Every structure is written in structure tokens, then in C-alpha cells.
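K.L.:
Just dropping this structure here.
The values are calculated or read from the model by the stated rules, or taken from the named source; none is laboratory data. Keep in mind it's a predicted model, so treat the numbers as computed, not measured. Ideal geometry is used to build each Cβ from the backbone, glycine not excepted, and the neighbour counts take in all protein chains shown. Surface accessibility is based on the protein's heavy atoms, side chains included, excluding ligands, DNA and RNA. Shrake-Rupley method; radii C 1.70, N 1.55, O 1.52, S 1.80 Å.
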Amino acid sequence: MNKMIADFSSLPVIEGYYLVLGGGKIGSDFARYAKEKSFPFVVIIDVDDSANATNSSVTVDREELFSLIKEFHKSKSNSGKIYFHCMDVRKVPEILEAGIPEFIIPAVPTHAVLNMAIDMMSSISSENLISAVQIDVNSENNEHNEKTTEYFNDILSLLPENIVVFSSLKDGAIMLSYAKTGEICPDNCMGPAEYCYNFKREKPETITSYARKLLPSHKGWVFESCQMKPGIGGIKGVDFKEYMLSLMEHLKSVSENRDSCPIGGRVFFIATTCNCHGIMNLLEIW
């Protein structure tokens, strides 16, 4: 664990490097935007080698990709090219070994940060050190279920009802949004902080603000997705590095004090949020 923390801590955050997770509609849209704005260095990954983004990018293999990242970090030359690499986004921690992007742009229909956290922590050991919470709602007199359910319900009670659009105790998941069920935000929305002009709706606080209010009374990490362009957000690499290091330190602390750590102390949450929307998942340390 100490070696992983030291290795990750030493990774540089590479200015001008944008990593896009997913080469479908959103990934392709960002690629077009990146070309228009002459972004220095953009890498798109997708498990589908014929994803839409391949039409506007140069496909490279793993060795070429690592070489390109390291060369860009060294020279900062503005090639203006968009690179595509075919790989499962669940393996993105492998790419991070070459350096952390200035921005990570999630463009997949999953909670990307959650998956990255699980995959990064799982690489420490052959055993799963953390996992997404799975609660057996039919089980009775189970201390684990009781403590986790208490944590979940307490979080729900602290969130305004009008922004909770979905919650699943069984899966430990909560979806937050200022858009109501059935409402679809336009692709060109800039997601203003105080007022939704599309649905004519006041927003007293951003979803990010509401999520961060849960801290520090509830252990968790809130990754803010910053507006990159209308309809597309990105997570700052400096924040990603800081939060992942903090999570590693927490995992180390709980693992070293497992015998004295109560069940409730092993549960935490990870959220990815922006001004208008958010997804939150509970995880637990084994």
C-alpha cells in the first residue's frame, strides 16, 4: 500500500493533456470541440475499435500511446492531434501510470470515477479491498446490513427531496438532478449555477454543494465535473490525484486498524457532480 501511494503521488499532472473515456456520441463531440479550440493533446479510449471517435482521430497501440504521453509531457509540443486507443475504460488506471491528464472527461454511461477507484484499489491486492455496496434488503438481524442501511438513509435525509430523482438501497446508489423524471436537458446547455433557464427553475445551491455538505460528517469524496463545453464536463486532474491519494490513505488506515474499526466506519461514498446533476455510490472496505 505504501508503495502504491508513493508511486501515485509521484505522477505528474500533465498540463494540456485531455483524456476522454468513451468514443461514442459525447466523446466524438468533444473531439470536434478539441480540434476547433486547438487543444494540445487529446486521447480517447473505447473498447470498441470502430467507435465514432475513430473517424476524427489517429489510432495508436499501447506502446505508441505511452510514448506519446511521455513525449508530450517532456516537450509540450502542440501537435493538435486527437489520438484513439482501443481498450476497456475499466483499465484506465494503467494509462495513468504515464501521467495524470489535466482533465479527465467521462463519456460513458457508467459512474467512471467509481469504477476507477475500485480498479485502482483492487490492483493493490489479489483480493477486493473495496467494492460497491450490495445490501440484502430481505435479510434480518444482520449487523452489516443494519449499519449500511443506517448510513444510506442518513445521507438521504440530508439531501433535499426535490433533487433526489432515484435511490436504491440495494445497490447503494443515489442519483441527483434539478431535472425531473422525463425531462431531458438540451445538448447545448451550459448548466448555470443559480437558475435553470431550460426548465425555468431556481437552483438555491449546486448539486456539488449539496453533496459536499455531507462532508465531513460522512466519509466520502466528491469529484466535481467542470463545464468543458455545453453538455460536456471534465474532472480536473489535480483534484483527481488529491482525492485518490486521500482515498488510498483512508483505505490504508482502515486496513491497518480493521479489528477496531466498526462496520459503519468501513462504509464511504464516492460522488461525481456538476451544477445540475450528480451520481453517488456507497462503497465498503473489506
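K.L.:
Of the residues that sit in region 167-189 and are among the hydrophobic types (A, V, I, L, M, F, W, C) and surrounded by 12 or more Cβ atoms within 10 Å (Cβ to Cβ), which one is modelled with the lowest pLDDT?
P.N.:
Of region 167-189, the ones among the hydrophobic types (A, V, I, L, M, F, W, C) are 169, 173-176, 179, 184-185, 189.
Pick out the ones that are also surrounded by 12 or more Cβ atoms within 10 Å (Cβ to Cβ) and you get 169, 173-176, 179, 185, 189.
Working: Leu169: 91, Ala173: 96, Ile174: 97, Met175: 97, Leu176: 98, Ala179: 94, Cys185: 91, Cys189: 88.
Among residues in region 167-189 that are among the hydrophobic types (A, V, I, L, M, F, W, C) and surrounded by 12 or more Cβ atoms within 10 Å (Cβ to Cβ), the one modelled with the lowest pLDDT is Cys189.
K.L.:
Ok, one more. Pull out all pairs, ordered by first then second residue, where Cβ-Cβ is under 6 Å, the residues are six or more apart or on different chains, the first lies in region 50-70 and is in contact (Cβ under 8 Å) with a residue 24 or more places away in the chain, and the second is part of a helix (DSSP H, G or I).
P.N.:
Qualifying pairs under 6 Å: Asn52/Ser28; Ala53/Gly27; Ala53/Ser28; Ala53/Ala31; Ser56/Ala31.
K.L.:
Hey, among Phe103, Phe30, Phe39, Phe84, which residue is surrounded by 18 or more Cβ atoms within 10 Å (Cβ to Cβ), assigned to a loop (DSSP other than H, G, I, E, B) and of a type in the set (Phe, Trp, Tyr)? So that I can check it myself, show each step before the final result.
P.N.:
Values: Phe103 fails: assigned to a loop (DSSP other than H, G, I, E, B); Phe30 fails: assigned to a loop (DSSP other than H, G, I, E, B); Phe84 fails: assigned to a loop (DSSP other than H, G, I, E, B).
Residue meeting the stated conditions: Phe39.
K.L.:
Of the residues in region 1-20, how many are of a type in the set (A, V, I, L, M) and within 13 Å of Ile82 (Cα to Cα)?
P.N.:
If we filter region 1-20 for residues that are of a type in the set (A, V, I, L, M), which is where we start, we get 1, 4-6, 11, 13-14, 19-20.
Filter once more, keeping what is within 13 Å of Ile82 (Cα to Cα): 19-20.
Qualifying residue count for the region: 2.
K.L.:
Cβ contacts < 6 Å: first residue under 15 Å from Ser57 (Cβ atoms) and among the aliphatic types (A, V, I, L, M), restricted to region 72-85; second residue modelled with pLDDT under 95 and open to solvent by 70 Å² or more (accessible area, probe 1.4 Å), any location; separation 6+ or different chain. Result?
P.N.:
Close Cβ pairs (under 6 Å, with a partner that is modelled with pLDDT under 95 and open to solvent by 70 Å² or more (accessible area, probe 1.4 Å)) do not exist here.
K.L.:
Another question, if that's okay. Regarding Asn115, is this residue closer than 23 Å to Leu11 by Cα and either in contact with a Cys (Cβ under 6 Å, 6 or more places away or on another chain) or not aliphatic (A, V, I, L, M) (or both)?
P.N.:
For Asn115, the condition - closer than 23 Å to Leu11 by Cα and either in contact with a Cys (Cβ under 6 Å, 6 or more places away or on another chain) or not aliphatic (A, V, I, L, M) (or both) - is met.
K.L.:
Right, next: Working only within region 42-79, note down all residues that are within 13 Å of Tyr17 (Cα to Cα) and either assigned to a loop (DSSP other than H, G, I, E, B) or touching a helix residue (DSSP H, G or I) at 6+ places or on another chain (Cβ under 6 Å) (or both). Explain how you work it out, then say what you get.
P.N.:
Just the residues of region 42-79 that are within 13 Å of Tyr17 (Cα to Cα), to begin with: 42-44, 65-66, 68-79.
Within region 42-79, Val42, Ile44, Lys76, Ser77, Asn78, Ser79 qualify.
K.L.:
Residue by residue through region 3-57, note down the ones that are under 19 Å from Asp88 (Cβ atoms), within 21 Å of the chain's Cα centre (by Cα) and hydroxyl-bearing (Ser, Thr, Tyr).
P.N.:
The one that is under 19 Å from Asp88 (Cβ atoms), within 21 Å of the chain's Cα centre (by Cα) and hydroxyl-bearing (Ser, Thr, Tyr): Ser28.
K.L.:
Just one of the numbered conditions (1) open to solvent by 10 Å² or more (accessible area, probe 1.4 Å); (2) touching a strand residue (DSSP E or B) at 6+ places or on another chain (Cβ under 9 Å) is not true of Pro93; which one?
P.N.:
(2)
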